[in-house]
Amino acid sequence: MKKKGLLLYSVTAITVFFSLVLFAIAQTGSVQPSPSATPLRQELKETRTENKEQLEKAREASKKELEAKREAAKNELELKRESARKEAERKREALKQELEKKREEAKQKREEEREELKQRLEQKREELKDKIKTKREELKERLTKIKDERKKQIVEKIDKALDALNERITDHFLNVLEQLENVLVKIEERMTKLPDGTNTDTVKSAIINAKSSISSARAAIEAQAGKTYVVEVNTEEQLRPDVGKARQTLHSDLKAVEVKVKMARDAVHQVAEALSNLYRVVKPSPTSTIIPTTPQPNTED
């Protein structure tokens, strides 16, 4: 019994001991930080927060500065572009005005030359009227050899028809030349639309050649307009060959003038082809063409 009580006492003592140990451990784990440690941690926390705010402000300031620089550079570039655009427009406008002035001067010159030619032709035809009047009086005198009145009337009618045909065909040739000149004007206007720096020497050379051909043809027409044709009357038996000879002479003369007019037309056609080829190089277009359709000289009576 004594041993049993001693054992119970020992167990109780051990239990109490372990309880005290566990309590001490629990108290040690829940130890509160000392009051002196709290301000240090708070200061570190505040410092980190302040540094973070300052970093954010620096980043924001750097971002705004970069955006400002970009905006300034963009504005400067826009100003340069605008300045370059205005300068290009100014040059184009100056070139346009210069070309317009030259076109107007060229147009006025062409009109003056046409008017001068018209006046010369009128003067020639006025002078020709006296020649024709004298020629017809002489023809009547020569026709006295012919007894057949119907044949006399036919010859006189043919004589008038030859002069009328010559006037009609020469007027037609002059109209053809005017149209060819108008084509050249349009071609020269198209040349101004080519990109800057385009080599147009071939076209310019062709234009000079075409203008020379037109001038040559015009001179031939002017000379032809001052001609009249005499029907020689020898005998009644030779009347038909005599009339045919006058008609053949007129036909040959008109054909010679027609050759010059066709040369002028071909020269203008070559100008148009030269410009068309140039456009294919600098601005390809499989469907575009500027080859003019010019009226065909016609000497058919």
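The values are calculated or read from the model by the stated rules, or taken from the named source; none is laboratory data. Please read all numbers here as calculations on a predicted model, not as lab measurements. When we count neighbours, we look across all protein chains shown, and the Cβ atoms used for this are built from the backbone with ideal geometry, even at glycine.
So the check is Cβ under 9 Å with 6+ separation or different chains; which pairs have a first residue in the stretch 236-249 that's under 14 Å from GLU156 (Cα atoms) and a second one that's of a type in the set (S, T, N, Q) and at pLDDT below 90?
Close Cβ pairs (under 9 Å, with a partner that is of a type in the set (S, T, N, Q) and at pLDDT below 90) amount to ASP242/ASN234; ASP242/THR235.
Quick check: anything in the stretch 158-174 among the small types (Gly, Ala, Ser) and within 28 Å of GLN119 (Cα to Cα)?
Yes.
Would you point out which residue out of ALA264, ALA219 is modelled with pLDDT of 90 or more, under 29 Å from the mean Cα position of the chain (by Cα), within 26 Å of ILE169 (Cα to Cα) and in a helix (DSSP H, G or I)?
Residue meeting the stated conditions: ALA264.
Only residues that are among the polar types (S, T, N, Q) and over 16 Å from ALA246 (Cβ atoms): list them for the stretch 160-171, please.
THR170
Out of the stretch 224-255, which residues are in a loop (DSSP other than H, G, I, E, B) and not polar (S, T, N, Q)? Full working, then the answer.
Start the filter on the stretch 224-255 by keeping residues that are in a loop (DSSP other than H, G, I, E, B), which leaves 226-238.
Matches in the stretch 224-255: GLY226, LYS227, TYR229, VAL230, VAL231, GLU232, VAL233, GLU236, GLU237.
For (1) among the aromatic types (Phe, Trp, Tyr); (2) over 17 Å from ALA246 (Cα atoms); (3) in a helix (DSSP H, G or I); (4) without any contact (Cβ under 8 Å) to a residue 12 or more places away in the chain, each residue gets a yes or a no:
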| position | (1), (2), (3), (4) |
| --- | --- |
| LYS131 | no, no, yes, no |
| LYS140 | no, no, yes, no |
| LYS147 | no, yes, no, no |
| ILE158 | no, no, yes, no |
| PHE173 | yes, yes, yes, no |
| GLU188 | no, yes, yes, no |
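Looking at the structure I just gave you, is LEU174 within 19 Å of MET263 (Cβ to Cβ), in contact with a Ser or Thr (Cβ under 7 Å, 6 or more places away or on another chain) and not β-branched (Val, Ile, Thr)?
So LEU174 does not fit the description; no.
Report the residue count in the stretch 168-196 for those that are more than 25 Å from the chain's Cα centre (by Cα) and surrounded by fewer than 14 Cβ atoms within 10 Å (Cβ to Cβ).
In the first step, residues of the stretch 168-196 are kept if they are more than 25 Å from the chain's Cα centre (by Cα); the result is 168-177.
Right, trim to surrounded by fewer than 14 Cβ atoms within 10 Å (Cβ to Cβ) and you get 168, 171, 175.
Final tally of qualifying residues: 3.
Which condition number does GLU65 fail, the rest of (1) part of a helix (DSSP H, G or I); (2) in contact (Cβ under 8 Å) with a residue 60 or more places away in the chain being met?
Condition not satisfied by GLU65: (2).
Could you tell me which numbered condition GLU127 fails, if it satisfies all but one of (1) in contact (Cβ under 8 Å) with a residue 12 or more places away in the chain; (2) exposed (fewer than 14 other Cβ atoms within 10 Å of the Cβ); (3) among the acidic types (Asp, Glu); (4) under 30 Å from LEU278 (Cβ atoms)?
With respect to (1) in contact (Cβ under 8 Å) with a residue 12 or more places away in the chain; (2) exposed (fewer than 14 other Cβ atoms within 10 Å of the Cβ); (3) among the acidic types (Asp, Glu); (4) under 30 Å from LEU278 (Cβ atoms), GLU127 is out only on (4).
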